[in-house]
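A short write-up of the structure that comes next.
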Amino acid sequence: MVVPAGSVTPLPDTIPDEIGAQLLINTATALTAIRTAHESVSPDSRTGVVVLLTAAGSAVGRLLGKLLTDRGVKVIRLVRSEAGAEKLAGLRPGSPIFATDAAGWKERARAAAGGAKIHVAIDSVGGALLGDIADLLAEGTGTVVNFGSLGGEASDIRLFAPRALTLKGVFLGQWMQQPADVRQADIAIAQRLALEPGPLFEVAASYPPSRIGDAVAHVGRPGRNGVVLFDFSSARGAGS
């Protein structure tokens, strides 16, 4: 297959294939969302920024949490369940984590902001949770940056108009429109993250292409940790 040189990235031998397979797509998605979030905050509000992050335990969510924290942003991490909150706290301690299936989580999230206005949320869940997030954002300046709908439900945007909130969508194709030097810098960040300790690039299982049905079923399995990959290296590969 012949492809443009700008569409491929050499993978150093120090990065395993299972990490390389998810490295760029997840990091580029996270960085695209962060750039959009940064642009959504007015210059006079960029000190002491607090960001809500949904699906914080997902592959992209973990990257977003790390990248934002490294940039001095206070991140309030949201996950679906108490079990997920406990696991994420064990894997990546630090910023507060709240389970959205627990009573009173919104009040605790407000308290965690320490009195600061929350101007931005980065969301990949949508559904009913989007309405709850809107309720936590600063009226008139709040923005939700969305890049997915893991909940699989129609998103609740009823609060957006009366509270003058903004909803912005991002997708990976926007990253390909960035200047070449920006993309190269992002690739360097991705490769650095791949070499850091910690579960930023977990793999739940690998399947041969002959077991595509099992792979798709695994993607929707409750409590899945990490990505599901196709392994083309052996026709006899097996999922685990």
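The values are calculated or read from the model by the stated rules, or taken from the named source; none is laboratory data. Computed from a prediction, not measured in an experiment: that's the story for all the values here. Reconstructed Cβ throughout: ideal geometry from the backbone, glycine too, with neighbour counts over all protein chains shown. For the accessible areas, the whole protein counts, side chains as well, though only heavy atoms, and no ligand, DNA or RNA atoms are used. Shrake-Rupley method; radii C 1.70, N 1.55, O 1.52, S 1.80 Å.
Would you point out which residue out of 185, 164, 205 is open to solvent by less than 70 Å² (accessible area, probe 1.4 Å) and at pLDDT below 95? Talk me through it step by step, then tell me what you get.
Details: 185 fails: at pLDDT below 95; 164 fails: at pLDDT below 95.
Going through 185, 164, 205 in turn, the sole match is 205.
Just checking, which of 83, 5 is more than 22 Å from residue 221 (Cβ to Cβ), open to solvent by 60 Å² or more (accessible area, probe 1.4 Å), out of contact with any Pro (no Cβ under 9 Å at 6 or more places or on another chain) and among the small types (Gly, Ala, Ser)?
Values: 83 fails: more than 22 Å from residue 221 (Cβ to Cβ).
Just one listed residue meets the conditions, 5.
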Test result for residue 150, closer than 23 Å to residue 24 by Cα and in a strand (DSSP E or B): no
In the stretch 32-70, the residues that are in a loop (DSSP other than H, G, I, E, B), under 17 Å from residue 198 (Cβ atoms), touching a helix residue (DSSP H, G or I) at 6+ places or on another chain (Cβ under 7 Å) and open to solvent by 10 Å² or more (accessible area, probe 1.4 Å): 57
The stretch 167-182, subset out of contact with any strand residue (DSSP E or B) (no Cβ under 8 Å at 6 or more places or on another chain) and either of a type in the set (A, V, I, L, M) or part of a loop (DSSP other than H, G, I, E, B) (or both), residue surrounded by the most Cβ atoms within 10 Å (Cβ to Cβ): 178
Hits in the stretch 115-127 (condition: closer than 25 Å to residue 47 by Cβ and in contact (Cβ under 8 Å) with a residue 40 or more places away in the chain): 116, 117, 118, 119, 120, 121, 122, 123
Of all residues making up the stretch 208-237, the number that are open to solvent by 70 Å² or more (accessible area, probe 1.4 Å), at pLDDT below 90 and within 21 Å of the chain's Cα centre (by Cα): 4
Every pair of residues 6+ apart whose Cβ atoms lie under 6 Å, when the first sits in the stretch 176-190 and is under 14 Å from residue 5 (Cβ atoms) while the second is surrounded by 13 or more Cβ atoms within 10 Å (Cβ to Cβ): 187/9
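Only one of these is of a type in the set (A, V, I, L, M, F, W, C), in a helix (DSSP H, G or I) and surrounded by fewer than 14 Cβ atoms within 10 Å (Cβ to Cβ): 111, 89. Name it. Outline the logic, then answer.
Numbers: 89 fails: surrounded by fewer than 14 Cβ atoms within 10 Å (Cβ to Cβ).
Going through 111, 89 in turn, the sole match is 111.
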